[in-house]
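The values are calculated or read from the model by the stated rules, or taken from the named source; none is laboratory data. No experiment lies behind these values; they were computed from the predicted model shown. No Cβ is skipped: glycine too gets one built from the backbone with ideal geometry, and neighbour counts run over all protein chains shown. Quick note on the areas: whole protein, heavy atoms, side chains included, nothing else; ligands and nucleic acids left out. Shrake-Rupley method; radii C 1.70, N 1.55, O 1.52, S 1.80 Å.
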Amino acid sequence: MKKLVVAIDGPAGAGKSTVAQLAAKSLGYTYIDTGAMYRAVAWKTLQQNQEVTDELIVDIVSDISVVLEYKGGKTFVYVDGKDVSGEIRTPEVTGIVSQVAALRPVREKLVELQRNMATQGGVIMDGRDIATNVLPNADIKLFLTASIAERAQRRYDEMKAKGYDVDMDQLKKDIAARDKADSEREISPLVQAEDAELIDTSDMSIDEVVQAILDRCR
Ligand code: CDP
C-alpha cells in the first residue's frame, strides 16, 4: 500500500498529538510533532537567562540543532544533543512559544527540517501550518478543533497529571491568547486549508478520532 503523507493542523489542545501518535502507531508511520520543534527553540532561549527578545530568539535559532526522534511510539526531542523531551512542556516554554514561532528565521529553519523528514512518506505531521505551508501536497489534510471549554479541560487534565497546580480560568485565557497569536501572525498563520477536512472533536473520544483518521487513510 502507498505510504501516505498526512497533515493535521488545529489550535492548542485540540488533541492533535494524542490522536496523531496513536494513528501513526496503528499505520506503522512516523509521527512528527512540529510544535515540539518550536518548543525546543523556546526552551533554548529560556536557558540563556536573559530578557526574551526577538533578537535573542533569532540569535539562538542561528546556532541550534533540533532533532526529533520517534521511537517506541514516543517522540523524543534533542537540542544540541541533549534530550529535552520533558522540559519543552513546561508552562514557561508554553508562555513564549508563540513569540518564537512568529519569527521568520525560526520558521524557515524548522520548516526545512520538517519537509526533509516527510520526503519518504509514511508520516503523520501535526502543527499549525502543515497543510497550508509545510506539506501543501499532503495526501490527507485534517483540521482538528474542539470548543475552548473542552480544549481547556483536556490541557487541565494533562497538566494536573504532571503535577502542576493549574487554574482553569487562567488556562482558558492562555489558550485563547495563544490561538489569537497563532492565527493572527503574519507568517503562516493557523488557518484551515481550503482542501482540509474539519473534524470537531468536542464530543468525540480519543478512539473515535483515531478511527476517523484511519478511515481517511484506508
Ligand atoms: O500541544 P500544544 O497544542 O500546546 O501546542 P504545540 O503543538 O506544542 O505548539 C506550540 C506552539 O508552536 C504553537 O502555539 C504555535 O505557536 C507553534 N507552532 C507553529 O507555529 N507551527 C507549527 N507547525 C506548530 C507549532
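Here V79 does not fit the description of being under 30 Å from S205 (Cα atoms) and among the β-branched types (V, I, T).
Inspection of the stretch 70-79 finds a residue satisfying the criterion of being within 15 Å of the chain's Cα centre (by Cα), of a type in the set (A, V, I, L, M, F, W, C), surrounded by 13 or more Cβ atoms within 10 Å (Cβ to Cβ) and under 26 Å from G122 (Cα atoms). Considering the conditions (1) surrounded by fewer than 16 Cβ atoms within 10 Å (Cβ to Cβ); (2) of a type in the set (V, I, T); (3) within 13 Å of the ligand (Cβ to nearest atom), T132 is excluded by exactly one of them, (1). The set of residues in the stretch 179-193 that are out of contact with any strand residue (DSSP E or B) (no Cβ under 8 Å at 6 or more places or on another chain), open to solvent by less than 30 Å² (accessible area, probe 1.4 Å) and either in a helix (DSSP H, G or I) or within 16 Å of A146 (Cβ to Cβ) (or both) comprises D179, D182. Under the condition of being assigned to a helix (DSSP H, G or I), within 12 Å of the ligand (Cβ to nearest atom) and open to solvent by less than 20 Å² (accessible area, probe 1.4 Å), the residues counted in the stretch 20-37 number 4. On inspection, D9 passes the criterion of being within 18 Å of A181 (Cβ to Cβ), within 12 Å of the chain's Cα centre (by Cα) and within 16 Å of the ligand (Cβ to nearest atom).
Within the bounds of the stretch 59-67, is there any residue that is charged (D, E, K, R) and within 16 Å of the ligand (Cβ to nearest atom)? No: the stretch 59-67 contains no residue that is charged (D, E, K, R) and within 16 Å of the ligand (Cβ to nearest atom). With respect to L46, determine if the residue is open to solvent by 30 Å² or more (accessible area, probe 1.4 Å) and within 16 Å of the ligand (Cβ to nearest atom). When the stated conditions are applied, L46 passes them. Taking each residue of the stretch 135-163 that is without any contact (Cβ under 8 Å) to a residue 24 or more places away in the chain and looking for partners that are basic (K, R) with beta-carbon atoms closer than 8 Å, six or more apart or interchain, yields A149/K172. S98 meets the conditions (1) free of Cβ contacts under 8 Å to residues at least 60 places away in the same chain; (2) under 22 Å from E186 (Cβ atoms) in every case but one. The failed one is (1).
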